[in-house]
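A short worksheet on the structure shown next.
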Amino acid sequence: NNMKYALLVFLGGGFGSVLRYLIGKLFQNSLGAFPIGTMIVNVAGSLLIGFFLGVNLKNGGLSETQTLLLVTGFCGGFTTFSAFAMENQVFLKSGDYVQFISYALGSLILGIAAVILGLILSKNF
């Protein structure tokens with residue numbers, strides 16, 4: 001069973017990572033130095049994880065395997081805290097404090113709001 005669960009996380013994470021890469025490429029340099037691609041995937045991933053967890057809380061709507069595939073695997077592979085941290089470090093190093101504050105606070109506020117929205121949307125599912 002542990003191997004089956006690990007494979008589900010692997011598959012979900014792989015799909016999430018590839019989708020993150022494609023979205024990053026699509027939005028690369030679209031707002032200059034602002035990393036909009038990373039922000040989009042992190043906020044979208046927050047919305048999805050809120051939705052998936054909300055469905056799961058509602059009468060156990062997702063099985064353990066679905067949760068591993070979608071939440072741990074896909075959302076874990078799709079979102080990226082390490083890129084977010086690195087991009088903020090670049091803003092700090094270059095002295096671009098406006099971009100740093102906009103990106104860091106914007107990502108945090110939008111990410112939490114997206115989780116809450118996902119939970120709300122899951123109530124109608």
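Report ³J(HN,Hα) in whole Hz for each residue of segment 24-29, in order, from the Karplus equation J = 6.51 cos²θ - 1.76 cosθ + 1.60 where θ = phi - 60°; Gly and Pro get x.
x, 5, 4, 9, 4, 6
Which whole-Hz ³J(HN,Hα) couplings does segment 71-82 yield from phi under the Karplus relation 6.51 cos²θ - 1.76 cosθ + 1.60, θ = phi - 60°, glycine and proline marked x?
With coefficients 6.51, -1.76 and 1.60, one gets 7, 5, x, 4, 5, x, x, 6, 8, 8, 6, 5 Hz.
Quick check: at a probe of 1.4 Å, how many percent of the accessible area of segment 43-112 sits on carbon and sulfur atoms?
That share works out to 72 percent.
Determine ³J(HN,Hα), in whole Hz, for all residues of segment 57-68 in sequence, where each value follows from phi through the Karplus function 6.51 cos²θ - 1.76 cosθ + 1.60 and θ = phi - 60°; x replaces Gly and Pro.
My calculation for segment 57-68 gives 5, 7, 6, x, x, 10, 6, 4, 5, 5, 5, 5 Hz in order.
Roughly what would the spin-label model give for V18 and N124, points 7 Å off Cα along C-beta, in nm?
3.1
Determine the sum of side-chain charges near Y103: Lys and Arg each +1, Asp and Glu each -1, restricted to other residues whose C-beta is under 15 angstrom from that of Y103.
Residues near Y103 contribute -1 overall.
Report the calculated FRET efficiency for F81 and N59 (r = Cβ-Cβ distance, R0 = 30 Å), to the nearest 0.05.
The formula returns an efficiency of 0.45 here.
Kindly identify segment 9-72 as rounded, prolate or oblate by the Cα gyration tensor criterion: order the square roots of the eigenvalues as a ≥ b ≥ c, call it rounded if a/c is under 1.5, otherwise compare a/b with b/c, prolate if a/b is larger, else oblate.
Oblate shape, in that a/c is at least 1.5 and b/c is the bigger or equal ratio.
Which values, in whole Å and largest first, are the semi-axes of the equivalent ellipsoid of segment 9-125 obtained as the square root of 5 times each eigenvalue of the Cα gyration tensor?
The three semi-axes for segment 9-125 are 28, 16, 10 Å.
The values are calculated or read from the model by the stated rules, or taken from the named source; none is laboratory data. All figures in this text were calculated on a predicted structure; none of them were measured in a lab. With ideal geometry, Cβ positions are generated from the backbone for all residues, glycine too; neighbour counts draw on all protein chains shown. Note: accessible area is taken over every heavy atom of the protein model, side chains too, but ligands, DNA and RNA are not part of it. Shrake-Rupley method; radii C 1.70, N 1.55, O 1.52, S 1.80 Å.
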